[in-house]
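Reviewing the structure listed below.
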Amino acid sequence: MEKYKIRPAFRTFQVEYAIRDIVEASKEAKKRGKDLIYLNIGDPVRYGFKPPDSIIEAACQALRENYNSYSDSSGIPEAIEAIRAYAIKKGISPVDIYVTQGATEAIEFAISALINSEENILLPCPCYPLYQAIVSKFRIEPRYYFLDENKNWEPDIESIESLIDKKTKAIVLINPNNPTGTIYSKEALEKIVEIAEKYNLVIFSDEIYDQFILEDDLEHISIASLTNDVPIVTFNGLSKNYFAPGFRIGWGIVSGPEGALKDYIEAIHKLSRTRLCAPHPLQFAIPVALNNENRYIKDVIIKLKRRRDVLVEGLNQIPFINCVKPSGAFYAFPSINIPDIDDLEFTKRLILEEGVVVVHGSGFGQKPGTKHFRIIFLPEEEILEKALGRIERFLRRITS
């Protein structure tokens, strides 16, 4: 008797995650004996960066003191107060704070507590694939506004307002941006606040890279610091700034008009209660991390600036490639100017033929008619130079 076939839920059909999906090509390249250079995943720990000893000890001490029960679903008081103080330093006036299993869960709670399946959300294009995956899962319609490559990947404000209708509930910002590495200007943020207020939108601001500022004359501005009249949820966590992605500790900071937010905040907390809590002992790392003001990251920024410059200068010397210099995070999003090959084929061939693992730009979304790939600059300079040599060799071969 033939066994019946289990059909997956329809909501999973369009869920993709390009950063990890590209791993299949990497496995094939490895089978072929290629020496792989991984420039695809933004995990600092894989490139030798370590969490500060103080936050490791805070988590270990909590384990030794047996903080292994469930915590409050929204987070331990010590963590919430530390996040509140950090937010205030950034100019944000928190109405509510909730601690989650990574910033990913904070984002999912905020979106799913607000938007119904027949409604829509504005996402940047290009965009970190997590957002496409979440809206696909909940069958929310994504509408994409462009980031302007000719203006250092700033949001194209004119493309935003034309997308809004009565079913638009929110707009997502990623600042500093993944995948482009851009830090948004105050002018752009103020215009987005104006649009959100005009159309009663909630702003979701992903600021997980807010301490990775690579230019001395720039500062990161939290959009929530610019207004108390617009509902905003600001996301952050320990994964990037504190090199602790495996801790799975993140949070959301809700700000704006308190009376208007009451029911929405309760909806977020309902969702948080269904999964009980974030990892209890690891939450004790939050106050230690935030109260120490992350002094060690200054040395990291010096290294990353050198590595960024090596990568971007090298890319811009390769024929058919152009790269806007990123000012934050640790990503670049160079364009490919070659006819008759799309960015997915380009990326797969680069992996299979040269062993350089990057992510195709279409996995993040991109303006029609353009082609890109995302590449990280976390590795040491000599590794980046080796990768650049292989990319140049590949380009010369496929264009000759």
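We did not get these values from a lab; they are worked out from the coordinates using the rules stated. Just so it is clear, the model here is predicted, and its values are computed rather than measured. Methodologically, a virtual Cβ is constructed for each residue, glycine included, from the backbone with ideal geometry; neighbour enumeration extends over all protein chains shown.
Qualifying chymotrypsin sites (Phe, Trp or Tyr not before Pro) in region 37-79, where qualification requires a DSSP coil assignment and no more than 10 other C-beta atoms within 10 Å, comprise Tyr70. Relative contact order of the chain: 25 percent, from C-alpha pairs under 8 Å at least 6 residues apart in sequence. Roughly what angle does helix 258-274 make with the longest principal axis of the chain, taking Cα atoms, 0 to 90 degrees, to the nearest 10? Roughly 70 degrees, rounded to the nearest 10.
Rounded to the nearest 500, the helix-only mean residue ellipticity at 222 nm of the chain stands at -11500 deg cm²/dmol, with each DSSP H run of n ≥ 4 adding -39,500 (n - 2.57). The aspartates and glutamates whose alpha-carbon is closer than 19 Å to the alpha-carbon of Lys50, local same-chain residues fewer than 8 away aside, are Asp210, Glu293, Asp299, Glu380, Glu381.
Restricting the GluC sites (Glu not before Pro) of region 192-224 to loop positions (DSSP other than H, G, I, E, B) with no more than 11 neighbouring Cβ atoms within 10 Å leaves Glu219. A dipole drawn for the chain from +1 and -1 charges on Cβ atoms has a positive end, and of Gly181, Ala260, Ile223 the residue lying farthest that way is Gly181.
Reported to the nearest whole Å, the Cα centre-to-centre distance from region 131-169 to region 93-123 is 16.
Stretched out fully, how many nm does the piece from Glu65 to Glu78 gain, at 0.36 nm a residue minus the Cα gap?
Values: separation 13, 0.36 × 13 = 4.68 nm, distance 1.55 nm.
Value of the extension gain: 3.1 nm.
Short-range pairs are left out: with C-alpha atoms under 8 Å and at least six residues apart, the relative contact order of region 46-143 is 19 percent. A crude spin-label estimate for the pair Asp340 and Arg7, with each label 7 Å from Cα along the Cβ direction, gives 4.3 nm.
Charges were assigned to the Cβ only: +1 to each Lys and Arg, -1 to each Asp and Glu. The resulting dipole of the chain about its Cα centre is roughly 1420 debye.
Computed from Cα atoms, the angle from the helix 186-199 axis to the main principal axis of the chain rounds to 60 degrees.
Helix 381-399 and the longest principal axis of the C-alpha atoms of the chain enclose an angle of approximately 50°.
Enumerate by residue number the chymotrypsin sites (Phe, Trp or Tyr not before Pro) in region 73-141 meeting two conditions: DSSP loop (anything except H, G, I, E, B), and at most 16 other Cβ atoms within 10 Å of the site's Cβ.
Numbers: sites: Tyr86, Tyr98, Phe109, Tyr131, Phe138; in loops: Phe138.
Hits after loop and neighbour filter: Phe138.
The count of lysine pairs in region 53-291 with alpha-carbon distances below 14 Å, taking only pairs 8 or more places apart or on different chains, stands at 4.
FRET efficiency for the pair Asn322 and Glu28, taken as 1/(1 + (r/R0)^6) with r the Cβ-Cβ distance and R0 = 30 Å, rounds to 0.55.
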